[in-house]
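Read-outs: derived from the displayed coordinates by stated rules, not from any lab. Here the structure is a predicted model, which is why all the values come from computation and not from measurement. Every residue, glycine among them, receives a Cβ derived from its backbone with ideal geometry; neighbour counts consider all protein chains shown.
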């Protein structure tokens, strides 16, 4: 029944769908109003935080002002102040920028490691694959949160860079596994065999044949990872194991809410940051899901 | 006179693509008698499988119009519970790919037993098992007690297809639908499975609808043959007539394009153009006309009908009278992209 | 199946080994040592140096590693300098709490996720499906700690339906009915917070699996046998789709550990997660190593469990 | 002598098993196969699934690792050449079964057909374009299609693109692995006719791998029948189809459905006889492992794997 009608549909699609990149993706996003809205939001918010962050003086914002502790939102401070009298609004902007930047950085680094690892393991298979998968399995069973917290706690000369390296070290496995399994499938397809018999070298086959065919998967996965990484970073900062204390972050703002007084009575400290995290993650996820839909339709028969 | 088992009248099965319905089976009428094999032959996308699924009521999202009467009773649009009383008991189906047709996580015995359980509640568990073992024996599976407890992936393709057949015939159905039953199998296994189906038919006196694309299988198995093209039946005749005097241009082209293991041909006939997709089917006039452009347009009927040329031999459209193969030199292969 | 399990257990050994080496290195990197806690201005530094020599602090690393592993195997994880008690004893109390919290979370997760996943898959692309997918999607995009904070704020502080910290009402006597009820009462909000967020993967997996299975040939075959829709679903679709869920059970443990660190911190629940965080901020490193080791082993065992369950329920792996 | 000569070719795949995942056994996909191809002719390799026919073809061109034996091409040893840039990559080409998966869906026809040219010949963009257009014309596609993607073509047309790519470097031998089994009969006819034409035009030698005896008979001059990794019989098309000697071949040929419905009963009887013979003589024709013996000539062109004793 469905299988059959799907078949019928498939045949008709063969003739009409184009596989070429962006037009399809763009069409899919535009058709999905929520994804379009999310994209506009993301572009807008990034432009705003990166733009204002240039003007804003981070030093000024993180300076303690004992005369302005816990001020409620008002004329002087749009979103009030925290226990150190620091402007929440300013921290929110810089925090969003920092959170976004590190999430993007970690996503790109994990994506790079994951894609290379997955492609090599999947394409060459055999013993290479076996050993690589053992390594991956080990990283995979470690509870991420715990191991990152321990590393952050003991690493000497802790900085934003070491933080992102630690996160990357324990986050590349998901995408690597995914890419590997796709590469395994892909390399059994005849066009790869054909390339081999035509005298194309392995490196060329990996990057010119396999990679373009899994690029949509890479993009979708990285988008979804970006959302997850925003959550992970703010979670770690929330626990106090993310950004160094001097650097504002969305998670740090939320961590003030572990004080019951703040949680109950001083909403302006933690609610805006929560809303920001939620909106960012939802928006990125929406775009990612729309991308996935776009690529799925194409994957039916590229 | 043969006893009518299944009579299909003006059946139209349509699938929804985007916002429109497109008929994959378009105005099909045919009959199947007891103890008779009706082969439905055609290329992929001609609607033969959609037709088989329509008879079994397996399309859940298609629109069905027309009439399918099984032993005199219309089964289009009847309630699911009524349909379920017929399926598995009076009608059985054999699927194309025996691997996917069996539940991978269920023992063979349970899968065959399910067909018995559903239609014969009185059987005790032991009786059911006995019967399943008998069925396994009947379809030629060695060591049935052992196979009873195996899982599909432990059997070879041929054995799996025997299990599927055992399930289909568990309640000795009067009508058996076989959808490309041997396409996924090797040629030696194919001949065994075909022989098995033939023997079972004689045994149970049932009617068989055999869906296939393989003219050899048709010649081996069928009593009567319906040739389908683009959702319609273009020719029906008994098997010898069809193989000796095919009339419809499509039938004739098809016969000429198959390499034959028994006699040598110099060059195969090529049907011009490509099989149109469901959305692009020509719905008016002779559907095969675009693929024989050298035949004068006047030769076709405006609304092609089935004509009874001889008793029992029906052909659609009158163009068969004017059809001839193109001359060698003129036969231009399909150039460029359509 | 036995062969598979045995092989799988053998794979675990190098994993445990690497984990222990990793932890050993971490332990060595941590500032201070077992004696730092005892450092007392009244004790002569030379005496401490002597003690260090005695305890083998200047031995080659592999000797140190061997004796460290030896101690582990004897169940000696060192002493907490903060609590002045053996780490094993300290963890003993917390493990019980964490265990109940995890169990409650798992039960709640499955209680919520399985019916929703089944409904969503069976009636895919209907309003019901869209609502369920919408819920699980929001759950997926919401970080646990934000959700937990909101739950705590709403049900703990604002509505005051649930306690806001601890694992049992102070003054309850262990063994009494009230004690058990109080424990449960304290568990409920943290467990529910975690469960509501972590249903995403189970719901989506079940939904996709059911939608996929629905289109398989063997479902058509079941229909052609005359099986009613409810039988097709109960006997063929749900059964086939639910079995893998059982196998994910073990992997959930890794997720639970990550979640418990947040949950226990936010709800002030005295479990292993809270212990880890406290010990890190108090620089009580022997406890850090102990908890990390335990979490690590739990995850490795969880993965093992999942693989073995999968091999039991899937005949394609079982018979090999 | 000889154009392509295969001597005692063996391709074994390891079976991993046991607790340590060691190699416990081998699947002998190809187990001692020898044959040679004559220039300009078509050699057919037939067998049922799992007979090792495709593996043989893939091993010759270097897609499968060769466990033992030798392959000579124009008297040069090419056994297991796996280097990307070697002469045999130019001289021997392959046509694949699935017209969908054998073309990279993300590439335009131009890039697909030009791939071998880019690997071996330094052509300017313009020269390359001209060459590709010539090749497309040769296979009967319009030169304008170079900028299209594979999914814009039908199965038969895709198969022609595959052929255009295969002949780009003017190879001498083409290994065609089930080139028409994924196609409908009418399209199949198109591709077969066209392969015949191009063979004459470019003086090609084909090694045609198929399970379809009808297609094999139509296409091939010399035929080898494989069973469980070994040859059971080799001969000209007439010898194989009119005068099969090995019981396996007999059974295989008898199993082909006859397209004359009148002969149905006759065929059924004949088939039953052959099957009885097959079962009775099975132990004579195959060794304890169920494998065929080595080939022995019974005429100049006809070789049969007859029992050792004779």
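Counting, for every residue in C:265-272, the Cβ atoms of other protein chains within 10 Å of its Cβ and taking the mean gives 2. Normalising by residue count, region B:104-170 has a Cα convex hull of 74 Å³ per residue. For chain B, find the longest principal axis of its Cα atoms and tell me its angle to the long axis of helix B:157-168, 0 to 90°, nearest 10. Its long axis makes an angle of about 80 degrees. With a 10 Å cut-off around each Cβ of D:259-267, the average count of Cβ atoms from other chains is 6.
Modelled spin-label separation between residue A:72 and residue A:185, with each label point placed 7 Å from Cα along the Cα-to-Cβ direction: 5.7 nm.
Beta bridges from DSSP with both residues in the protein assembly as shown: antiparallel share about 65 percent, rounded to the nearest 5. For chain D, the Kirkwood estimate of the hydrodynamic radius, built from every pair of different alpha carbons, is 20.9 Å. Which of the three applies to region A:99-160, rounded, prolate or oblate, going by the alpha-carbon gyration tensor with a ≥ b ≥ c and a/c under 1.5 meaning rounded? Taking the square roots of the gyration eigenvalues as a ≥ b ≥ c, region A:99-160 is oblate. When A:216, B:81 are arranged by Cβ crowding within 10 Å, least crowded first, meaning fewest neighbours, the order is B:81, A:216. Rg and Dmax of the protein assembly as shown, based on Cα coordinates, read 35.8, 120 Å. For chain B, the antiparallel share of DSSP beta bridges with both residues in that region comes to about 60%. Spin-label model, residue D:16 to residue B:16: label points 7 Å out along the Cα-to-beta-carbon direction sit 4.7 nm apart. Beta bridges assigned by DSSP with both partners in chain D are antiparallel in approximately 60 percent of cases. Using C-alpha pairs below 8 Å separated by at least 6 residues, the relative contact order for region C:93-317 is 27 percent. At q = 0.09, 0.10, 0.13, 0.16 Å⁻¹ the log10 of I(q)/I(0) for region A:21-295 amounts to -0.52, -0.62, -0.93, -1.22, computed by Debye summation with a single uniform scatterer per C-alpha, solvent ignored. Measuring r between the beta carbons of residue B:73 and residue C:180 and using R0 = 60 Å, the FRET efficiency lands at 0.40. The calculated FRET efficiency for residue B:130 paired with residue B:81, based on their beta-carbon distance and R0 = 30 Å, is about 0.55.
Ordering A:225-234, D:2-11, D:299-308 by mean Cβ neighbour count within 10 Å, with the highest value first, yields A:225-234, D:2-11, D:299-308.
Label separation (residue A:165 vs residue C:6): 4.4 nm, computed from points 7 Å beyond Cα along the C-beta direction. For region D:123-276, a Kirkwood radius taken over Cα pairs fed into Stokes-Einstein (20 °C, viscosity 1.002 mPa s) yields D = 119 µm²/s. The long axis of helix D:125-138 is offset from the longest Cα principal axis of chain D by roughly 40 degrees. Working from Cα pairs under 8 Å separated by at least six residues, relative contact order for region B:104-170 is 50 percent. Residues B:9, B:18, C:225, D:106, ranked from the fewest to the most other C-beta atoms within 10 Å, line up as B:18, B:9, D:106, C:225. Packing, as the average of other Cβ atoms within 10 Å across residues, places the peptides C:156-164, A:164-172 in the order A:164-172, C:156-164, highest first. So what's the gap between the Cα centers of region D:219-298 and region A:34-57, to the nearest angstrom? The distance from the Cα centre of region D:219-298 to that of region A:34-57 comes to 74 Å. Quick one: in region D:1-160, what % of C-alpha pairs are over 29 Å apart? Across region D:1-160, Cα pairs with separations above 29 Å total 35 percent.
Taking the longest Cα principal axis of chain D as reference, the axis of helix D:185-202 is set at about 70 degrees.
Summary of packing: across the peptides C:197-204, D:69-76, A:50-57, the per-residue average of other C-beta atoms within 10 Å ranks them, highest first, as C:197-204, D:69-76, A:50-57. For residue A:158 and residue C:239, what is the calculated FRET efficiency with R₀ set at 45 Å and r taken between the beta-carbons, to the nearest 0.05? The calculated FRET efficiency here is 0.30. Based on C-alpha pairs under 8 angstrom that are at least 6 apart in sequence, chain B has a relative contact order of 19 percent. Each 20 Å bin from zero up to the one holding the largest Cα-Cα distance in chain B carries the following percent of pairs: 29, 55, 15, 1.
In region C:93-317, the alpha-carbon atoms span a convex hull of 153 Å³ per residue.
In terms of surrounding Cβ atoms within a 10 Å radius of their Cβ, C:211, D:232 rank from fewest to most as C:211, D:232. Taking a ≥ b ≥ c as the square roots of the eigenvalues of the Cα gyration tensor, region D:229-310 is classed as oblate, since a/c reaches at least 1.5 and a/b does not exceed b/c. Take each residue of peptide A:132-145, count the partner chain Cβ atoms within 10 Å of its Cβ, and average: the result is 6.
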